[in-house]
Amino acid sequence: MSKFQSPTGMGDLFEEDLKYFQKIERVCQEMADFYGFQRIETPILEETGLFVKGTGVTTDVVQKQMFSFRTRGGDQLTLRPEGTPAIVRAYIQHGMQSLPKPVKLWYFGPFFRYERPQAGRYRQFYSFGFESLGGGAPVIDAQIIQIFYNILKTLGIRNLIVEINSIGDSQCRPYFKKSLVSYLRSHRASLCSDCKRRLRENPLRILDCKQEKCQRVVRGAPQILDHLCKDCHDHFKNVLEFLEELELPYSLNPYLVRGLDYYTRTVFEFFKDSNPSTTPASPVPKQHSKDALVGGGRYDGLIKLLGGKETPACGGACGVERVVNLIKSKQKGIGKGLEAKIFLAQVGQLPKRKALKLFEEFRRARIKLAASFDKDSLSTQLKIADKLKIPYTLILGQKEALREEIIIREMASGKQKIVPIKRIVREMKKKIKK
Ligand code: HAM
């Protein structure tokens with residue numbers, strides 16, 4: 001065994017998984033075309049300061065999860081832990097503020113977070129995101145949610161639940177924060193050590209702490225939905241009305257605050273609902289698996305914060321591996337469409353040359369073939385075909401090659417038939433169709 005292994009939490013991806021990745025990317029592209037989103041690719045590396053300022057200096061992502069380093073030239077760079085600040089950076093840098101609004105962008109690619117690896121949580125993971133910049137209307141929030149819902153549904157994921165909340169804006173949130181902090185201070189002793197720190201730095205995050213002792217305290221805490229200003233309240237009400245109109249199953253979660261600093265007003269997360277009920281919309285948080293598939297929300301202050309004009313925006317991102325794991329666990333495979341039904345076996349130099357040419361003829365006819373050109377023994381090649389569960393093997397030996405013939409072997413019965421090579425593509429087309 002090699003003494004080198006892939007870095008912790010970063011795995012190799014094989015065809016078995018990549019075919020799901022490709023399928024997800026295709027569905028995203030179709031959805032993007034339909035809803036008018038343009039693809040964008042930003043660099044894997046960005047200036048560290050972009051995330052410190054954009055994602056937020058007190059967030060776990062910035063404090064604990066970034067892969068950062070200094071280049072030989074002295075630049076401080078970070079492997080992107082998320083997409084949104086980079087999209088905003090590109091939006092400002094390329095003057096997209098002057099384009100008709102909203103500017104709608106989407107992306108698909110790898111992201112990096114230094115986390116404790118476990119199922120559904122990796123240090124390198126893939127994510128796709130949809131961002132709409134320049135639109136403040138509640139219908140945009142609903143449409144972003146709808147896009148993720150449609151993508152996941154198209155991929156065969158059922159029983160989705162969208163948890164949703166509003167965390168207000170710079171008008172109303174400070175008042176809520178004050179009353180929350182004063183309540184939490186009086187329960188400080190019952191909080192976990194992380195939340196004691198958060199009480200100083202980012203008290204809202206205490207609301208979604210997963211520690212049982214903190215959740216007990218939070219259950220008695222003031223709720224942000226009771227403290228929204230009129231504009232935020234109306235915005236949220238409108239978003240929910242749109243979701244109801246679209247019949248998207250949502251659940252209000254007053255403790256959902258999200259772990260990134262830029263959010264204003266709407267925040268949402270998608271989960272697989274382990275206990276689906278018959279009513280689509282419900283005012284109570286539900287029981288579900290702990291890892292969100294999608295996370296997102298509105299970020300009306302981020303573009304200005306990063307140096308642009310004041311511009312409202314909304315978006316979300318979805319973890320690709322989490323979706324793949326779900327599809328696989330449901331065994332809702334993508335089908336065997338890509339797998340070969342024919343194996344091409346050859347024995348000897350002349351047959352090998354003819355087989356190579358034949359391979360191309362099958363490719364032009366769009367019929368997939370499997371072969372092991374590096375193997376000479378017929379029995380080894382038949383064993384491989386058997387292992388791959390391929391129904392037909394074409395055998396090209398020295399005698400057949402000289403006579404311009406080829407053997408078709410039905411693997412299940414062992415029955416064989418000889419046909420002229422020039423007829424083989426047509427012959428196999430018929431057989432596969434059957
Ligand atoms: P996020 O919730 O931090 O949001 O990540 C989005 C999604 O990426 C998560 O819901 C999850 O599926 C996946 N994910 C996150 N970390 C990992 C990990 N370590 N391993 C596997 N999957 C992971 C954002 O990144 C925001 N930029 C979303 C957004 C876009 N908000 C507005 N626009």
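The values are calculated or read from the model by the stated rules, or taken from the named source; none is laboratory data. Bear in mind that the values here come from a model prediction, so they are computed numbers and not experimental data. Neighbour counts are summed over all protein chains in view; Cβ atoms, including those assigned to glycine, are modelled from backbone coordinates with ideal geometry. The area values use the complete protein model at the heavy-atom level, side chains included, leaving out ligands, DNA and RNA. Shrake-Rupley method; radii C 1.70, N 1.55, O 1.52, S 1.80 Å.
Residues in the range 237-275 that are within 14 Å of the ligand (Cβ to nearest atom) and basic (Lys, Arg) were compared, and the one that is nearest to Ile140 (Cα to Cα) is Arg265. Of all the residues in the range 53-92, those that are under 21 Å from Asp300 (Cα atoms), away from the ligand (no atom under 15 Å from the Cβ) and either open to solvent by 60 Å² or more (accessible area, probe 1.4 Å) or without any contact (Cβ under 8 Å) to a residue 60 or more places away in the chain (or both) number 1.
Given the structure, is Ile140 among the hydrophobic types (A, V, I, L, M, F, W, C) and more than 24 Å from Lys23 (Cα to Cα)? Spelling it out, Ile140 is indeed among the hydrophobic types (A, V, I, L, M, F, W, C) and more than 24 Å from Lys23 (Cα to Cα). Residues in the range 242-260 that are in a loop (DSSP other than H, G, I, E, B) and more than 16 Å from Cys314 (Cβ to Cβ): Glu247, Pro249, Asn253, Pro254, Tyr255, Val257, Gly259.
For Asp12, are the conditions met, namely being surrounded by 15 or more Cβ atoms within 10 Å (Cβ to Cβ) and either part of a loop (DSSP other than H, G, I, E, B) or at pLDDT below 95 (or both)? Against the criterion (surrounded by 15 or more Cβ atoms within 10 Å (Cβ to Cβ) and either part of a loop (DSSP other than H, G, I, E, B) or at pLDDT below 95 (or both)), Asp12 does not qualify.
Whether any residue in the range 62-85 is among the acidic types (Asp, Glu) and in contact with a Pro (Cβ under 9 Å, 6 or more places away or on another chain) is what I want to check. No. For the range 294-316, a residue qualifies if it is near the ligand (Cβ under 6 Å from one of its atoms) and surrounded by fewer than 23 Cβ atoms within 10 Å (Cβ to Cβ), but none of them does. Do the conditions hold for Asp17, that is, is it assigned to a helix (DSSP H, G or I), closer than 20 Å to Arg121 by Cα and among the charged types (D, E, K, R)? So Asp17 fits the description; yes.
In this structure, Leu105 qualifies as more than 26 Å from Met10 (Cβ to Cβ), more than 9 Å from the ligand (Cβ to nearest atom), hydrophobic (A, V, I, L, M, F, W, C) and touching a strand residue (DSSP E or B) at 6+ places or on another chain (Cβ under 8 Å). For Gly120, the criteria (1) away from the ligand (no atom under 14 Å from the Cβ); (2) at positive phi hold in every case but one, which is (1).
Of the candidates Tyr114, Tyr126, the single residue that is within 11 Å of the ligand (Cβ to nearest atom), in a loop (DSSP other than H, G, I, E, B) and either in contact (Cβ under 8 Å) with a residue 12 or more places away in the chain or aromatic (Phe, Trp, Tyr) (or both) is Tyr114.
Taking the condition within 15 Å of the ligand (Cβ to nearest atom) and either in a loop (DSSP other than H, G, I, E, B) or surrounded by fewer than 16 Cβ atoms within 10 Å (Cβ to Cβ) (or both), does Gly135 pass? Yes; evaluated as a whole, the condition is true for this residue.
The criterion of at least 1 residues that are in contact with a Gly (Cβ under 7 Å, 6 or more places away or on another chain), more than 25 Å from Ile151 (Cα to Cα) and charged (D, E, K, R) is met by the following helices (runs of 4 or more DSSP H) wholly inside the range 37-103: 60-64. When Gly156 is tested against the conditions (1) more than 15 Å from the ligand (Cβ to nearest atom); (2) more than 30 Å from Lys304 (Cβ to Cβ); (3) open to solvent by less than 10 Å² (accessible area, probe 1.4 Å); (4) touching a residue at least 40 places away in the same chain (Cβ under 8 Å), the lone failure is (3). For Met31, the conditions (1) open to solvent by 60 Å² or more (accessible area, probe 1.4 Å); (2) aliphatic (A, V, I, L, M); (3) assigned by TED's automatic domain parsing to the domain that holds Ile145 are fulfilled apart from (1).
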